[in-house]
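A short write-up of the structure that comes next.
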Amino acid sequence: MKIKPRNTPREQKIGVISSNTMSKLRRIYGTTPEISFISPQTEFSLYWKSFLESELGRISQCIPWADLSKSLKLRDNRKGRSSLFSPQGKLALMFLKSYTGLSDRKLYEHLNGSLQYQLFCGIFLGPDNLVDFKILSKIRTELAGKLKIKVIQDVLAKAWKPYMENTNIVLEDATCYESYMRYPTNVKLLWESVDWLHGQMKITCKYLKIRTPRTKYLKQRERYLAYSRKKRKSQKERTMLTRSLLHLLNKLLEEHGIIEEKYQRSLMFPKKYHKNKSIIQKILSQQQEMFSTGNYSIPNKILSISKSYIRPIVRGKEVKKVEFGAKTNMIQVDGINFIEHLSFEAFNEGPRLIGSIRYSRTLFGKITHISADDIYATNANRKWCTSQKIITNFKRKGRAGKHEEHRKIIASELRKERATRMEGSFGTEKQHYNPGKIKARTKQNEILWIFFGVHTANAVRIAKRLALEKSSQSVA
C-alpha cells in the first residue's frame, strides 16, 4: 500500500511557487519537499532561477537600478536605524505597485507571502512579516520629492536603446490621466466649504469654551440634502441654493475672523487649517464672480478643497468633454513612451512639437520622421520641420510636389501608426498599470504615480523583447 505524501503546513504556506518549479523539486527530492531557507546556497538557487525566468525577473533585468538610484540621489542610511528596503528596493516597490495595480494594503499582504515579489524588491523576509503597511506611502512620498522626470528618462532611454529599432521615427500626442475625485459642481464645492468651516468653528468654540455663533447651517443642510436627492434639478433651485450657500459661507468666514482676532493668543492652528481656509476664501471670490457675471470659464478655477491644483481639462471627446487630472504631452519611439511635458493646467500642445523633437534628439539622436495630430500642424511647425528635413504626416498645403504619391504613402503609414499603436498604449497604461483614476493625495505623489505607470508599461515591453532575443539566441 502506497502512502501519499501529505501537504504540510509549510507547503501550504508557500503558495507562490509555480507548478513547473514544484515538478522540478519533486524530481529532485522524490516527494513534496520540505523547504528550508536556512541553507540558501543549495535550495534558494532554485527559486532565484525560477524568478529570473518569470516576467517579473525579466523586468528586473532590463531596469538600470544603480543608475536610477544615482540619478534620484538615493543612499542607504549611514546614521540611525537602517532601512529594510535598499535604494533599489524602494524603486522596485514603485514599479511593483504599478505592475500589480494593487492597493497599498493588498500589496503589503502579497509582499509578505510572495517570494517572487520579495526577490524583485531585493529583500527576504523569511519567517518575519512587514508590520506597517504605510511604509509604501512613506517611500512613495520620499521618491516624489526627489523625482526629476527628464533626468530619469535619460537613464532609461540609454539602457533601453539597444532593444529599440527605428529610433529616428517619433510619434506625438497628448493625453489626460484623471485624478480620483467626485465630479465637481459649484453647489457641491460650496457645500463642502461650508461644512468644513462649520466643523472647524465648532471645534474651536469647544476648545475655547465659548458659545458657537448662530448660523443657518442646519437649515441649509436640509435644503442641500433635499436638492442632492433630486434626479432633475431646475435652474431656479440651483440659483436659489447657490445664493444661500454663498451668503452662509461669507458669514462663516467673518465669524472665524472675529474668533481668531479675539482669541489669537489662545489659538494655535495647524498649517493645514490656514491652507484650507485660504483655499476656501479663493473659492468664495471665484464663486461670487461666476454667480454675479454668469461667466463660468475663469482662470485657475478651484474644483476641490483637498486637491486645489486640479483644473478642468477640456478635451472635446464625445464621451468625456471635460477631464480632471494631469495633462501630459507624450512622445513615442518604437512603442516606448516618454513624458515630454506634464501639467495640471490646461495647455495647448501644438506649439510643443519643436521642443519634443529636440528632446527626442537628446534621447536617441537624429530624427527624420514625426507623426502627430492635426493640432500640431501649425505654420510655424511646418516651416521648422521643412528646414530640418523632417518628414511629417500633416496634410499638404499648396501645390503638390514632384514625389506627391510617395509622400502620401509615408504620411498614411505614420498617421496609422500614431492612431493605433500610440493611442492603444495610452489605454494599456491607464487600464493595466494605473488602477483607474489616480488616488494619490498630493500633487507630487500623483506625478510619481503617472511616471511609474508609464515606465512600468515600457519595462514590460522591453522585457518581452529581451525574452524573444534570448529565445532566438538559444535556437541559433
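The values are calculated or read from the model by the stated rules, or taken from the named source; none is laboratory data. The structure presented is a predicted model; accordingly, all values stated were derived computationally and were not measured. Methodologically, a virtual Cβ is constructed for each residue, glycine included, from the backbone with ideal geometry; neighbour enumeration extends over all protein chains shown. What goes into the accessible areas is simple: the full protein's heavy atoms, side chains included, and nothing from ligands, DNA or RNA. Shrake-Rupley method; radii C 1.70, N 1.55, O 1.52, S 1.80 Å.
Brief remarks follow.
- Unit charges at the beta carbon, dipole of the range 215-276: most positive-side option, 244, 234, 273: 234
- Counting protein heavy atoms only, the chain has 52 percent of its accessible area on carbon and sulfur, 1.4 angstrom probe.
- Förster radius 35 Å - calculated FRET efficiency between residue 168 and residue 46 (Cβ-Cβ, nearest 0.05): 0.20
- Label-point gap, in nm, between residue 362 and residue 432 - each point 7 angstrom along Cα→Cβ: 3.0 nm
- Gain upon complete extension [residue 105, residue 406; 0.36 nm per residue less C-alpha separation]: 102.8 nm
- Size of the chain as Cα extents on the principal axes (Å, biggest first): 82, 80, 50
- Relative contact order for the chain: 21 percent, from Cα pairs under 8 Å spaced at least 6 residues apart, divided by residue count.
- Coil-residue GluC sites (Glu not before Pro) of the range 53-118, DSSP, other Cβ within 10 Å capped at 11: none
- At R0 = 45 Å, FRET efficiency that the Cβ-Cβ distance of residue 124 and residue 343 yields, to 0.05: 0.65
- With both labels modelled 7 Å from their Cα along Cα-to-Cβ, the residue 222 to residue 146 distance reads 5.7 nm.
- Scanning the chain for DSSP H helices at least 30 Å long along the axis (C-alpha atoms) with a Kyte-Doolittle mean no lower than 1.0 picks out nothing.
- Förster-model FRET efficiency, 41 Å R0, residue 132 and residue 188, C-beta, rounded to 0.05: 0.75
- Report summary: the helix-based calculation at 222 nm, which adds -39500 (n - 2.57) for every DSSP H run with n ≥ 4 and divides by the residues of the chain, gives -18000 deg cm²/dmol.
- Long-range amide H partners of residue 341 with built H, under 5 Å: 329
- Per residue accessible area in Å² of the chain, where ligands, DNA and RNA are left out and the probe is 1.4 Å: 58 Å²
- Mean Cβ neighbour count within 10 Å, used as a protection proxy, ranking 222-230, 445-453 highest first: 445-453, 222-230
- Unsatisfied cross-links (Cα-Cα over 20 Å) in the set 90/138; 73/272; 73/307: 73/272; 73/307
- Between residue 250 and residue 70, the distance separating the two model label sites (each 7 Å from Cα on the Cα→Cβ line) works out to 6.2 nm.
- Among the GluC sites (Glu not before Pro) found in the range 224-322, those both in a DSSP coil and sparsely packed, with 15 or fewer other Cβ atoms within 10 Å of their Cβ, are 318.
- Working note: Cα atoms of the range 155-230, range along each principal axis, descending, whole Å: 72, 37, 14.
- When the listed pairs 262/439; 216/437; 327/395; 188/443 are checked against a 31 Å cut-off, the alpha-carbon distance exceeds it for 262/439; 216/437.
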